[in-house]
Structure formats: structure tokens, C-alpha cells
Amino acid sequence: MDFSKLRSNMVEHQIAARGVRSEAVLNAMRKVPRERFLSGRLREFAYDDAPLPIEAQQTISQPYIVALMTEALALEGGETVLEIGTGSGYAAAVLAEIAGEVYTVERVELLVEQARSRLAALGYKNIHVRHADGTLGWTEHAPYDAIIVAAGGPEVPDTLKKQLKVGGRLVIPIGADPRVQELVRVTRTLDDTFTTEDIADVRFVPLVGKEGWSPEEIPQPVRSGQEGARLADGGLAGAIAESCEPFDSIETADFDALLDRIGDAKVVLLGEATHGTSEFYRMRQRISQELIARKGFRFVAIEGDWPDVARLDHYVRHFEFPPSEWTAFARFPTWMWRNNEVRGFIDWLRDHNADRRPRQRTAIYGLDLYSLYTSISSVLRYLDDVDPDSARVARQRYACLTPWQSDPAAYGHAALTGGFRTCEGEVVRMLADILRKQSDYAAHDGERFLDATQNARLVTDAERYYRIMYYGSRASWNLRDTHMFDTLKSLLAFHGAEAKAIVWAHNSHVGDAAATEMAARGEHNIGRLCREEFGLNVYSIGFGTDSGTVAAASDWDGPMEVKTVRPALHRSYESLCHETGLPRFMLPLRLPASSAIRTGLETPRLERAIGVIYRPETELASHYFEAVLPRQFDEYIWFDKTSAVTPLVTKALKGLPDTYPFGV
Ligand code: SAH
């Protein structure tokens with residue numbers, strides 16, 4: 001295995017590409033051989049940019065996080081640095097490539113021994129490892145130019161602050177819950193004055209010590225398989241088997257009982273546990289067909305970008321105004337919507353709408369906000385048509401964002417570091433102008449006006465999204481889900497008081513965030529916002545699977561692969577469903593339907609989430625989170641074995657009408 005090539009790839013694609021700009025840090029990351037800090041069996045994953053297990057139930061940090069933290073220390077070379085949490089010794093080596101002397105403290109003796117011998121073998125002479133409680137620092141060598149803490153504590157230890165030089169920086173993960181933290185940077189600006197900035201949302205192992213957590217406060221990992229729990233699981237799996245509704249196939253399933261449970265709900269949320277499983281798409285589509293045909297649902301809103309889905313909408317509703325010229329869903333991850341399964345639904349919807357009057361046709365919309373530039377061109381095209389003077393103004397304003405067309409994330413970085421002014425004022429004024437002219441414009445065509453305002457709204461939210469991405473995932477996650485929820489609400493308003501909506505998005509968006517560890521990070525989602533707005537008038541359905549195949553990439557922007565989904569981990573909801581021995585079922589979770597299983601299911605468990613990336617080799621860290629299923633969803637649909645979606649290949653599209661939304 002060519003580790004140095006893997007290493008330089010990782011630095012380019014995972015670290016530099018995600019916004020770490022410091023050449024000193026990137027060079028250090030290019031030099032340190034991470035594989036030498038891992039046990040033999042894990043070496044091949046050394047450059048996956050993921051945290052990995054080391055001895056004593058600890059972890060070696062994710063390279064991107066090491067780089068981000070080191071960059072935040074703002075080292076220029078030659079400094080005296082203190083590290084708390086030596087672990088494998090990897091981060092200490094990265095620091096030693098830049099700093100003068102690195103003092104590092106570790107509480108687990110075995111790790112101290114191993115790190116010492118690894119670092120000596122690699123020839124590092126400027127790293128000093130000590131076995132002690134690091135929350136008390138290392139007094140003899142204080143004060144330090146910089147301190148880095150690789151474990152999460154409840155608050156910033158006072159002793160460490162006191163060991164900083166004036167002007168010195170301390171980077172540490174802090175959180176009231178030992179499992180999730182916010183990475184913060186504390187700067188000692190004056191002898192007794194400190195400033196604190198948030199950097200990112202992170203997950204570290206706990207900082208255990210006098211000024212950290214006490215050992216009793218640390219929650220035991222959920223998957224430690226105690227025998228008692230195992231027996232209880234067996235009983236619970238039996239109870240689930242009793243209480244669920246098994247079905248033979250997606251095509252022949254009977255939906256009467258499900259439709260009764262959904263009742264008069266105004267919004268039905270349909271999830272998925274991956275972005276690439278055929279069964280999830282097909283089942284969502286069957287349920288949607290029933291809801292449209294039997295309960296008059298007005299539209300389906302999906303986790304896709306507004307202008308791309310507008311092309312589908314144009315096709316399914318037989319619209320006359322010319323569709324946009326680009327190919328829908330041409331960007332990564334193309335398979336998420338450009339697949340055979342979705343195509344089947346789109347064709348069904350077009351047929352279904354064919355003999356209906358325009359106002360009675362079922363629409364499809366996109367809730368997501370990644371289409372900054374296609375949305376800009378949609379707004380411009382619209383204004384060119386209805387108001388050429390405003391189009392000129394709009395071109396000038398949106399020009400502010402043009403330099404970043406190929407890499408909107410770079411705009412966020414530039415705006416944040418002060419190297420470039422923000423375009424916020426321009427995009428907000430543009431949206432306000434369009435909204436002000438509502439009565440003039442809407443007279444032309446209400447649907448087109450809706451399309452233009454949604455695009456203008458998307459531009460303002462996406463501009464902010466790319467800017468705040470650098471403040472951590474929580475803020476940008478919340479902004480994105482708020483945007484999706486606001487879009488849903490304006491669509492409901494557009495279609496009138498009686499309108500009912502179906503939403504297709506990942507479980508992590510549609511399940512109630514308050515019932516998962518997202519809540520501890522301060523994150524909300526569409527499911528939570530809908531619950532607050534519509535109460536019991538929203539019915540949310542989650543999906544799950546044990547094993548099979550899935551379409552996913554290994555890295556962001558990487559090619560689609562058909563990957564094998566590993567059997568679910570013990571102590572997860574998935575392993576519980578698997579234990580029922582049933583191949584597929586619907587499981588009502590609302591009371592009273594779920595009274596026999598409710599208590600058993602309310603003990604928090606792991607749940608798996610696969611997005612557009614799947615990394616089976618680091619499954620626990622990358623894909624599992626903790627949740628309480630019966631509070632997260634009103635219903636859970638299970639497919640024990642599943643298979644990957646079939647992506648559309650261009651050839652298969654030949655011969656379709658010109659207006660076909662997936663392009664040719
Ligand atoms: N920088 C390390 C990451 C190690 S994980 C690397 O690159 O591999 C965090 C480490 O902090 C664990 O090894 C854990 O044992 C250690 N730790 C936790 N509390 C500590 C404390 N109070 N003092 C010193 N080390 C501590």
C-alpha cells in the first residue's frame with residue numbers, strides 16, 4: 001500500500017478541500033505517517049479521515065480535526081506547546097513538525113508507553129510525554145504559547161488557562177453532555193482577560209480528571225452487550241413481531257391500516273435510512289401514490305434543490321413555460337435522484353396528472369438549498385422576461401457572488417477571514433425587491449412568481465449557509481433544515497388552507513431531532529419543526545434495514561459505488577428488528593397501537609444513518625447515533641435485506657421527450 005500517496009490525497013481532498021488553509025499545518029499533515037500510530041489491522045484505514053479506535057477504548061483523532069485544531073492554535077514555528085490527551089501520539093507529532101517543544105500529558109499509562117516508543121522510533125526529539133492528569137497542566141514548563149486538549153470536558157479547566165502566556169491560545173472541546181462538544185478557542189488577551197470563540201461541533205472522548213469529568217459521570221457505551229439486556233432484547237423482538245404488520249412485497253402491500261393511522265394528517269414525512277436503497281424509494285413512492293390518489297395530497301416536497309426539482313415538476317404537471325436548460329441533478333450525488341426508482345414515480349405522476357385540470361395536478365418541489373448559482377440564473381431569467389430593468393439591477397447585485405462560482409465554500413472562508421466583503425446586503429435586497437413587486441409580477445403567472453421568489457430566497461439562505469459553515473455544523477445544519485421547513489410552509493400557504501403535503505427526506509431530517517442525540521448538540525430538523533407547528537397533524541415514518549447493498553460514495557464528490565451494508569450492530573434498533581426474523585414490516589409507534597412495545601423501545605439505542613457517504617470500516621463512529629425510536633417517528637418501516645438503487649445512465653435516457661427532466 002502506497003501510504004505517502006494516500007496521505008497526500010487525504011490532505012488535498014479531506015483537509016485542504018474542507019477549508020484548512022495554513023501551509024504550515026498542511027505540510028505537517030503531509031509529513032506525519034499516521035499509519036505508524038495504528039495497530040496493524042487498522043493501518044489500511046489510516047488515510048480515511050476518520051477517528052479510529054486505539055487501545056484502552058480511546059481514539060486517534062480524525063485528521064481533519066487535528067488539522068482544524070492545529071490551525072486554530074495559530075502556530076508560526078518555534079513555540080512551546082502543551083497537549084492534553086496524547087492518545088496514540090499522532091497529534092503530538094503533527095504539532096512537533098511546527099512548534100519548538102511539545103509537552104504532552106496522557107492519563108492512561110499503556111498509551112504513554114506506546115506513544116513514547118512510536119515517537120522515538122520516528123525520531124522526534126522535541127516531544128516529551130508524561131503520565132498524569134492533564135487537566136492540571138504541566139507546571140514545570142509553563143507558560144505555553146498554545147495548549148490543545150484532545151478530550152472533551154464540561155468546562156475549560158482554570159489551571160490550563162493560567163498556564164497560557166498572555167496572547168496564548170487554548171483549543172478545547174467543551175460540552176455539558178460528555179458525548180458531544182463544541183470546539184472552542186480561548187485566548188488570553190491580558191493577564192486576567194480571556195476571549196472565547198466557537199469553532200465547530202465535535203465529538204471527543206471524555207476528559208477525565210480533577211478539572212474534567214469524574215469517572216462515574218461517563219456514560220457507558222450503549223453497545224457493551226450485557227447478558228441481561230440481551231435477554232430483554234429477545235423478549236422485545238418477539239413483542240415487535242406480534243405488534244407489527246408484516247407484508248409480502250412493496251407491490252402487493254395493503255395500505256388501508258396505514259392510511260387509517262395517517263388519518264387527516266396535513267403533512268406526512270417519509271424518511272430513509274440511506275440515500276441509496278431501492279426499497280426505501282419504492283416504498284415511499286407506493287405510500288405517496290396512495291396518499292395522492294386516495295387522500296388528495298397536493299404535492300411532494302423532496303430533499304433536492306429547488307431548481308432541479310422544478311424541472312421534474314415541469315414535466316409531471318405538463319407545464320408550458322420553457323424549462324430551464326440545465327440537466328437536473330447533474331451534480332454530486334447524482335444517484336440520489338437520478339435513478340430508476342425515482343424515474344418510475346415521475347412517470348406515474350405525469351400519467352396521473354395527464355387527464356386532470358391544471359389546478360388539480362399534483363406537484364413536486366425541492367426543499368434543499370445547494371443550488372446557489374442555478375437559482376441565481378433562474379431569478380435572472382425570470383426578471384429578463386417580466387421586468388428587464390430589475391434584471392439589470394439583479395445582475396449587478398448577484399455579481400458579488402460570481403468570483404466563487406466554482407467553489408461556494410471558498411466564499412464562506414474568504415468572507416469569514418475578512419479577505420472579502422460579504423454579499424449579504426445584495427442578496428437580501430434583491431429578495432425584498434422581488435417580494436415588494438408581488439402584485440405586479442404575480443399577475444403574470446402565480447406559479448412562475450412562486451418559482452422566482454423561492455429561488456431568490458434560496459440565494460439569501462445559501463449565501464448565509466456557506467458563510468456560517470465555518471462556525472460549525474450545528475449552525476449550518478439548523479439553517480438548512482429551517483430553510484427546508486420554511487419552504488414547506490410557503491408551499492402549503494401557496495396551495496391554500498386545505499393543502500396537504502408529503503415530504504421525502506432522510507430519517508435524520510424527518511425524525512424528531514428532540515428524540516436523538518442531535519438535541520444535545522442544539523440541532524433541530526424538519527421533523528422537530530413540523531411537530532412544533534402541526535402537532536399530531538404530522539405523521540412521520542422512518543425506514544430501516546439490517547444489511548444488503550447501498551449506493552454511496554467513499555468520499556465527498558467521489559464516484560458512486562455499490563457498497564455492502566454491514567449487519568447492524570448489537571444494541572441498535574436495527575439489530576432488534578432483525579431479531580424478529582421478519583423480512584419486512586410496518587411498525588406503528590403511536591399510542592395506543594404501540595402500547596405493548598412502547599416501554600421496551602423507549603430505552604435509548606443506537607440507530608444507523610447512511611447518507612451519500614458510507615464508510616463501513618468506521619461504522620460506529622461515522623454512522624451510528626443514539627435515539628429513542630418511538631419518540632422520533634410515528635411509524636417505522638423495516639426491510640431486513642435491501643439493495644442499492646439503480647442510477648440512470650445517459651444511454652438509457654435516449655429517445656425520451658426533450659422535456660424529460662433528467663436531460664440526455
Ligand atoms: N491526540 C490523540 C487523541 C487521543 S484521544 C491522538 O492523536 O491520537 C484523547 C486522549 O485523552 C485519550 O487517550 C484519553 O486517555 C486522554 N485523556 C482523557 N482525559 C485525560 C486527562 N485528564 N489527562 C490526560 N489525558 C487524558
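Computed about its Cα centre, the charge dipole of the chain is approximately 780 debye, with only Lys, Arg, Asp and Glu carrying charge at their Cβ. Restricting the trypsin sites (Lys or Arg not before Pro) of the stretch 64-151 to loop positions (DSSP other than H, G, I, E, B) with no more than 16 neighbouring Cβ atoms within 10 Å leaves K125.
Quick check on the chain: helices-only [θ] at 222 nm, where DSSP H runs of length 4 and up contribute -39,500 (n - 2.57) each and the sum goes over total residues. Nearest 500, please. Could you put the intermediate results ahead of the total?
On the way: 25 runs with 257 residues, N = 664.
When only DSSP H runs of four or more count, the value is -11500 deg cm²/dmol.
The value of relative contact order for the stretch 1-92, using C-alpha pairs under 8 Å at least six residues apart, is 29 percent. Contact order, relative form, for the stretch 527-579: 28 percent (alpha carbon pairs under 8 Å, 6 or more residues apart, mean separation divided by residue count).
Of the beta bridges in the chain, as assigned by DSSP with both residues counted there, near 45 percent are antiparallel. Expressed to the nearest 5 percent, the antiparallel share of DSSP beta bridges inside the stretch 29-181 is 15 percent.
Taking a ≥ b ≥ c as the square roots of the Cα gyration tensor eigenvalues, with a/c under 1.5 meaning rounded and otherwise prolate when a/b beats b/c, else oblate, which class fits the stretch 1-132? Verdict is oblate for the stretch 1-132. Note on K641: lysines with a C-alpha under 19 Å away, same-chain residues under 8 apart excluded, are K563. Mean separation of Cα pairs under 8 Å and 6+ residues apart, divided by the residue count of the stretch 3-217: what relative contact order is that in percent? For the stretch 3-217, the relative contact order is 15 percent. Taken as Cα centroids, the stretch 314-383 and the stretch 421-480 sit 19 Å apart, rounded to the nearest whole angstrom.
Between the beta carbons of R590 and D407, assuming R0 = 30 Å, the FRET efficiency works out to 0.10 to the nearest 0.05.
For the listed peptides 390-401, 346-357, a ranking on the average number of other beta carbons within 10 Å per residue, highest first, reads 390-401, 346-357. Within a straight-line Cα-Cα reach of under 23 Å, K210 can be paired with the following lysines, leaving aside sequence neighbours fewer than 8 residues apart in one chain: K161, K162, K165. A straight Cα-to-Cα reach below 21 Å connects K295 with the lysines K266, K489, K500, residues fewer than 8 places away in its own chain not being considered. When the GluC sites (Glu not before Pro) in the stretch 1-78 are filtered for DSSP coil states and for at most 13 other beta-carbon atoms within 10 Å of their beta-carbon, the remaining sites are E55, E76.
Among the cysteines of the chain, those whose beta-carbon sits 4.7 Å or more from every other cysteine beta-carbon are C244, C530, C577.
Sorting W556, W335, W138 on the 10 Å Cβ count, fewest up front, what's the list? Kindly include the intermediate steps, with their values, before the conclusion.
Values: W556 13, W335 24, W138 20.
Arranged by neighbour count, lowest to highest, W556, W335, W138 become W556, W138, W335.
Read the figures in this text as sums done on the coordinates, not as results from a lab. Values in this document were obtained by computation on a predicted structure and should not be read as measured data. Positions of Cβ are generated from backbone atoms using ideal geometry, with glycine treated the same way; all protein chains shown enter the neighbour counts.
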